[in-house]
Amino acid sequence: MIQFQSNKTVAMGEAMIEMAETGSGTYRKGFAGDTFNTAWHMAQIPGLNLPVRFVTKVGTDSLSAEFIAGLGADGLDTSYIGRVADRVMGLYMIELDGAERSFHYWREASAARLLAEDEVWLGQSVQGAGLIHVSGITLAILRPDARARLSSVLACARRQGAIVSFDPNVRPRLWSSSVETRDAMQAMLAVTDIALPSYDDEAALWGDGSPGETIERYRAADVSEIVVKNGAAPVTVWDGAQITEVPCAPVTGIRDTSGAGDAFNAGYLAARLTGHRPDHAIVSGQVLSAAVLHHFGARIPSGQVPSLDIPPPHVDER
Ligand SMILES: Nc1ncnc2c1ncn2[C@@H]1O[C@H](COP(=O)(O)OP(=O)(O)O)[C@@H](O)[C@H]1O
Ligand SMILES: [Mg+2]
């Protein structure tokens, strides 16, 4: 079973400015992005005080400054949020058409795409980390040479004892082809300890016929811990010794499914970092994702992130 050398968490990726239509052609401004959502929720879980750093690049403009200030106020470590003078943060708009929502993105030239330009800086950002969290979106926004630098930073950090978690979060429109997507995802598995895929993404990209097949594919790449999310269906987990299915308690009053997987990752990883076994940690993931499903937007409102009501840490009796 995976052991963490510290609870210091470093998440890497892109946060975007979110403009969510409020119904009348007016928009509410926020900030969101998959690894950012996970990092933010981890830092907000009451009683845990997890040290969480978010690593990205933003602009030198006032919106970027507002993003950094907000993160700092919410208790995250912002010391590795680089500023790029001639770039800004990516932006997306959520447009409402009745209950249907559509997403429009302006992120092709965002500052975050330069996240892995400087390998030394990136290496310093993960010094002493117990857990490093990245996603397939983190990979997708990087050029192939930058992806290779990220990979070498992760390999080096793992040699120093860090655990790497990876959510593939497949977003076809960020990739040039499914071949490129599969190649980049597969290469990432060589530096992944904990994989957090969603079954529908994996089925679409790889043709997996069941969550069990997804587990087999990741096991073949030597990933130690594999957690396959599947919407309202049970979560299937390989904990290094066995496969277990953890059913999901029914969630009523769902307002918006965005960010469910990111919040799940936060609950799961926070529980694992604080000594809980994978099957118990899944319950924490489900608690956080149920909370995000009850709200519009990809994050639970500040102050409403639930505490993790889970059994005491697993003690290995051997
Ligand atoms: N309809 C739903 N009912 C209950 N829980 C859900 C539902 N959709 C998502 N969840 C919760 O969110 C987690 C992640 O959802 P999933 O849809 O698999 O990920 P993603 O948001 O990344 O696509 C699930 O494991 C489950 O706990
Ligand atoms: Mg997801």
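The values are calculated or read from the model by the stated rules, or taken from the named source; none is laboratory data. In this text the structure is predicted, and so the values were computed from the model without any measurement. Here Cβ is always computed from backbone atoms with ideal geometry, including for glycine, and neighbour counts include all displayed protein chains. The accessibility values were calculated without ligands, DNA or RNA, using every heavy atom of the protein model including side chains. Shrake-Rupley method; radii C 1.70, N 1.55, O 1.52, S 1.80 Å.
Tell me, what is the per residue accessible area of the chain in Å², probe radius 1.4 Å? Don't skip to the end; give the middle numbers.
On the way: 13490 Å² over 318 residues.
Per-residue value: 42 Å².
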- Task: Report, to the nearest whole %, how much of the accessible area of the chain belongs to carbon and sulfur atoms, 1.4 Å probe, protein only.
- Result: 52 percent
- Message: Between Asp183 and Ala204, what is 0.36 nm times their sequence separation minus the Cα-Cα distance? Round to one decimal in nm.
- Response: 6.1 nm
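Report the FRET efficiency, 1/(1 + (r/R0)^6), for Glu117 and Ala233, where r is their Cβ-Cβ distance and R0 is 45 Å, rounded to 0.05. Mind dumping the intermediate values first?
Numbers: r = 40 Å, r/R0 = 0.89.
Calculated transfer efficiency: 0.65.
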- Message: Suppose R0 equals 30 Å. What FRET efficiency, 1/(1 + (r/R0)^6) with r the Cβ-Cβ distance, do Ser224 and Thr60 give to the nearest 0.05?
- Response: 0.15
- Message: Give me the Å³ per residue figure for the convex hull around the C-alpha atoms of segment 167-318.
- Response: 124 Å³
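Please compute the contact order of segment 87-169 in relative form: average sequence separation of alpha-carbon pairs under 8 Å and at least six residues apart, divided by the residue count, as a percent. Write down the numbers at each step before the final one.
Values: 97 pairs, mean separation 23.5, N = 83.
Reported as a whole number, the value is 28 percent.
Could you give the length gained by full extension between Thr26 and Asp74, i.e. 0.36 nm per residue of separation minus their alpha carbon distance, to one decimal place? Mind dumping the intermediate values first?
Numbers: separation 48, 0.36 × 48 = 17.28 nm, distance 2.62 nm.
Length gained, Thr26 through Asp74: 14.7 nm.
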